[in-house]
Structure formats: structure tokens, C-alpha cells
Amino acid sequence: MTAPFNFSAGPAMLPGAVLARAQEELRSWRGSGISVMEISHRDPAFMQMAAKAEQDLRELMAVPDNYQVLFMHGGGRGQFSAVPQNIAGQNDTVDYLNGGIWSDFAIREAQKYVARVNVVGGLIDTPQGRAIAPVTDWQLRDDAAYFHYCPNETVDGIALHTIPEQVQAPLVADMSSSILSEPLDVKRFGIIYAGAQKNIGPSGFAIAIVRDDLLGRAQTTASTVMDYTVQAKERSMYNTPNTWAWYLSGLVFEWLKEQGGVAAMGEVNQRKADLLYQTIDSSEFYRNPVHPDYRSKMNVPFLLADDSLDADFLRQAEQQGLLGLKGHRYVGGMRASIYNAMPLAGVEQLVEFMRDFEQKHA
Ligand code: PMP
């Protein structure tokens, strides 16, 4: 596979085969003479496609039967407000781990809907880099309605690679940037949610995987489109869903199955991340600020020793078809997002470019 390779954090690269198929089918979906975007969501062909997408996702993630798989509006942040409104009362306390920028946004949103958001812990600086406070230091509350965390912080490039065992409250995980990237034990969670625009499909769309016992608890003032119980009953079609996003996500799920599923993806993702971190660690020119045990396999931030070279680095990378490497505006530097759609060849070209740039400028 050849450049361009898109390292954007999201909306992110989609598999070429998926885009080619969408293009092929765009003007006439299943021989109908019209596009999938112009068909009623109640049309039997659409409903069948939608059900298959759900089934494929269930298979890919081995979602147990006592979980609803919901296709929601409003991306990742929509779920920041959906979660407290759905499974906590207005007088409740909820626990949040503050592991980075997205956790912080989730905390601020939850504060609108519940009496107390208890931040159990957060980032710490260690001699080996930034890390998340050890679970033994977390200030968990016995009465928390749920515990929320983000296993992969997209901006900070920080990940919690183990599912916290000590937590008694239902676990809620924002997997916007890590869903489907490796095998996962879904039954450990109360809710898993993800904005779609990284490992799934177009933006503005989200997946919420909700354990049945958490349904029926929504606050009376909760927005109906965001109400898990309503959406579960209506098969995510309480109102008109984002039909295009649902269709495209379905194509991504089919593609993932063809690739060998999440186990196969997990192996390639590990190799991609190892190659990139090894390149960074073996040089004095590049630096990753995160403790090795907490490094993200999806979003790899790195800094140049001399940040006056940043603009040159980005310009030359772009000239070689290595796109979207600018770090998030909050943290600067560079960031390579290497989700499922990024092939190993893309990371190989990136590290080759990095070594070459270092030789010329070190
Ligand atoms: N959570 C995480 C971990 C994210 O990376 C993002 C987006 N980058 C969001 C939530 C917010 O997603 P959205 O822009 O779809 O609201």
C-alpha cells in the first residue's frame, strides 16, 4: 500500500476497500437506482442492513445477549451527557477517573446532571513519564451510581491497559478511540460507548453497548433521543437515525471480519505501536512523554527536541503523503493516530521519514 496515509485522530482514516465499495454503491444501493441515504429507515432492505451491522458488531466484540447495542446520535460527547442522564439520579454521586482531556470534558458534562461527581484520581508525573494514579490510590465512593473512565485518552496518548477490578459500581468506558482495536471482555462493563469517527465510521454517530439491568433508570428530564431505554425498545430508530453513518459503519464491520476480527487487528496494532515507540525511544531527537506502561496503542504523541522544527517536519511529512500528524491544539507537538484502518506499511513509511528527518536535522 502506498501513500497518502492519514494519521488524523478523528475523523480518521477509513479502510480503502470500504470507501471503494461505498463509492461503487453510492448512486444505486443494492440495485435500487437510488442511494442508501435516500431510502426510508423503515424500508425492509435498510432494516435488514441495519440489523446485520448490529449482528456483525455483536460478533466482532462477542457482546453477550444481556446487552443492548445502540446506534446513537451526537458522537462521543453526546454520550458524556447520555450516561449520567440514563443511569444516575439527580441526587446521586458518580465516580470518574480523570485520566486526560476527554475524561475532564466528561466530568464537566456529568456535573450538570448529578449532585456529585467524585473524581477518584488522575494523572501523575513519574520519573518515567506521565501515568495514571495507581488504582490503590483511587478515592472510590461506596455509593457511586457508576464509575466512568476513558481507557484510551486520544489527546494525551495515555491508556489504562487493564480493566479496574476494585471498582464495585457499574463500569462505564469511553472507548471512542480504542473500540474494536483488540479483544475485550464486554461482560466486565455496564456501558461501553464510542464516538464513531475513529475505528468505526463517520462522525456525529456513536455506539452505546448497555447492560440490560441499567435500562429503565433514566431521569425524567432526559432527552428522549438520548434515552437508552427508548432507543433499545425502538431498535435505535426512535427518530430517524444517521442512515449513512449506520451503513458505512456496517461496511467497516464487514471489513473487520474479513481481516480476521479484533484478535487479528490487535496483533497488527501492537506491531504498529511497537515500531513507532521503538523509533521514538531509540532517538534523542524524538520524545514521548508517557510512562511506558501507560502508552496508547492508538494515539502516539511525540515531541521534537527542537520545536522550531515542528512546522518543517509537518510540511515535509505532508509532501510525502504522511498526513494529519499535527498534535492536538491543547498539547502541540506531533501525534500519529494509528487506528485499525492504518496498515503496518503506513507506520513503516512514517518511521522511515522520521529517521530521515532526524539525520538531516539532528
Ligand atoms: N471521547 C474521546 C476519547 C474522544 O477522543 C473524542 C473525540 N476525539 C470524544 C470523546 C468526543 O467525540 P465527539 O467529537 O464525537 O463528540
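Highest mobility in the GNM of the chain, judged by mean-square fluctuation with C-alpha springs under 10 Å and restricted to PHE285, PHE80, PHE253, is found for PHE285.
Think of each Lys and Arg Cβ as +1 and each Asp and Glu Cβ as -1; about the Cα centre, that makes the dipole of the chain roughly 720 debye. Can you compute the label reach from ASP281? Point 7 Å from Cα along the Cβ direction, backbone N cut-off under 15 Å, restricted to the range 176-214. In the range 176-214, the label zone of ASP281 (backbone N under 15 Å from the point 7 Å along Cα→Cβ) covers no residue. The distance linking the range 210-243 with the range 57-81 is 11 Å (Cα centroid to Cα centroid, whole angstrom). Over the residues of the chain, the helix contribution to mean residue ellipticity at 222 nm works out to -11000 deg cm²/dmol, using -39500 (n - 2.57) for each DSSP H run of at least 4.
Can you figure out the FRET efficiency of THR2 with GLN55, using R₀ = 35 Å and their beta-carbon distance, to the nearest 0.05?
0.55
Stretched out straight at 0.36 nm per residue, the stretch from SER32 to ASP142 would grow longer than its current Cα-Cα span by 34.0 nm. Only one residue of LEU303, TYR339, GLN359 has its Cα farthest out toward the positive end of the dipole of the range 261-361, where Lys and Arg carry +1 and Asp and Glu -1 on Cβ, and that residue is TYR339. Legend: calculated FRET efficiency, ALA45 to LYS360, from the Cβ-Cβ distance at R0 = 51 Å, rounded to 0.05, equals 0.40. With a Förster radius of 56 Å applied to the C-beta separation of ALA17 and VAL135, the computed FRET efficiency comes to 0.90.
Ordered from longest to shortest, the equivalent ellipsoid semi-axes for the range 261-361 are 22, 15, 13 Å, each the square root of 5 times a Cα gyration tensor eigenvalue.
How far is it, in nm, from the label point at GLU318 to the one at ASN66 when both lie 7 Å from their Cα along the line to the Cβ? Distance between the two pseudo-spin positions: 5.2 nm.
Which of the pairs LYS297/LYS326; LYS52/LYS198; LYS112/LYS187; LYS257/LYS326 have their Cα atoms more than 24 Å apart in this structure?
Where the Cα-Cα span goes over 24 Å, the pairs concerned are LYS112/LYS187; LYS257/LYS326.
Please figure out what share of the DSSP beta bridges in the chain is antiparallel and state it in percent, rounded to the nearest 5. Roughly 60 percent of the beta bridges in the chain run antiparallel, per DSSP.
Assuming a ≥ b ≥ c are the square roots of the Cα gyration tensor eigenvalues, decide whether the range 141-259 counts as rounded (a/c under 1.5), prolate (otherwise, with a/b larger than b/c) or oblate. Write out the running numbers ahead of the final one.
On the way: a/c = 1.90, a/b = 1.08, b/c = 1.76.
Because a/c hits 1.5 or more and a/b fails to exceed b/c, the range 141-259 counts as oblate.
When the charge dipole of the range 89-138 is built from unit charges on Cβ atoms (+1 for Lys and Arg, -1 for Asp and Glu) and taken about the Cα centre, the candidate among ALA131, VAL120, GLN90 whose Cα reaches farthest toward its positive end is GLN90. Given axes a ≥ b ≥ c from the Cα gyration tensor, I'd like to know whether the range 25-258 is rounded (a/c under 1.5), prolate (a/b larger than b/c) or oblate. Prolate shape, in that a/c is at least 1.5 and a/b is the bigger ratio.
Where a number appears in this text, it was derived from the coordinates with a stated rule and is not lab data. Keep in mind it's a predicted model, so treat the numbers as computed, not measured. When we count neighbours, we look across all protein chains shown, and the Cβ atoms used for this are built from the backbone with ideal geometry, even at glycine.
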